[in-house]
Amino acid sequence: MTSTNETQQTEDSRTTLIRDSLREVMDPELGMNVVELGLIRDINIDTDSVKISMILTTPFCPYGPALIESVRTAAEQAANAPTSVEMGAEMWNPEMMEEGAGGDWGLF
């Protein structure tokens with residue numbers, strides 16, 4: 001029987017693995033990955049599936065469908081579990097980017 005602490009550590013390591021795999025998913029217009037941009041809002045791991053909440057930099061992003069599918073595929077491969085991606089309702093802004101990620105843009 002696993003303890004709650006061991007279960008949390010396992011979930012944390014799976015979340016880290018998934019988040020790291022999502023760093024390979026690049027926004028083709030901005031040349032940055034979806035994690036750096038702050039587009040991945042939440043990763044929920046159930047016993048047999050993964051649910052990711054993400055947003056796009058703009059609601060009408062022409063690459064939106066491809067980004068969503070790339071996120072789903074990358075996470076599914078990393079987690080070795082069925083994965084779904086839900087679109088969040090928040091509006092993206094540059095402050096959501098990882099610290100230091102906006103340096104090339106002169107934002108921070």
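The values are calculated or read from the model by the stated rules, or taken from the named source; none is laboratory data. Remember, predicted model here, so these are calculated numbers, not experimental data. Cβ atoms come from the backbone with ideal geometry, glycine included; neighbour counts cover every protein chain shown.
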- Query: Mind checking which pairs have a first residue in the stretch 92-106 that is closer than 10 Å to residue 57 by Cβ and surrounded by 11 or more Cβ atoms within 10 Å (Cβ to Cβ) and a second that is modelled with pLDDT of 90 or more and among the β-branched types (Val, Ile, Thr), Cβ under 6 Å, 6 or more apart or different chains?
  - Reply: 92/55; 92/57
- Among the residues listed as 29, 76, 69, the single one being modelled with pLDDT under 95 and charged (D, E, K, R): 29
- Message: Step by step: first the residues of the stretch 5-64, then only those that are in contact (Cβ under 8 Å) with a residue 60 or more places away in the chain and part of a helix (DSSP H, G or I), then the one that is surrounded by the fewest Cβ atoms within 10 Å (Cβ to Cβ). Which residue is that?
- Response: 17
- Task: For the stretch 72-93, state whether one or more residues are farther than 15 Å from residue 23 by Cα, part of a helix (DSSP H, G or I) and not charged (D, E, K, R).
- Result: no
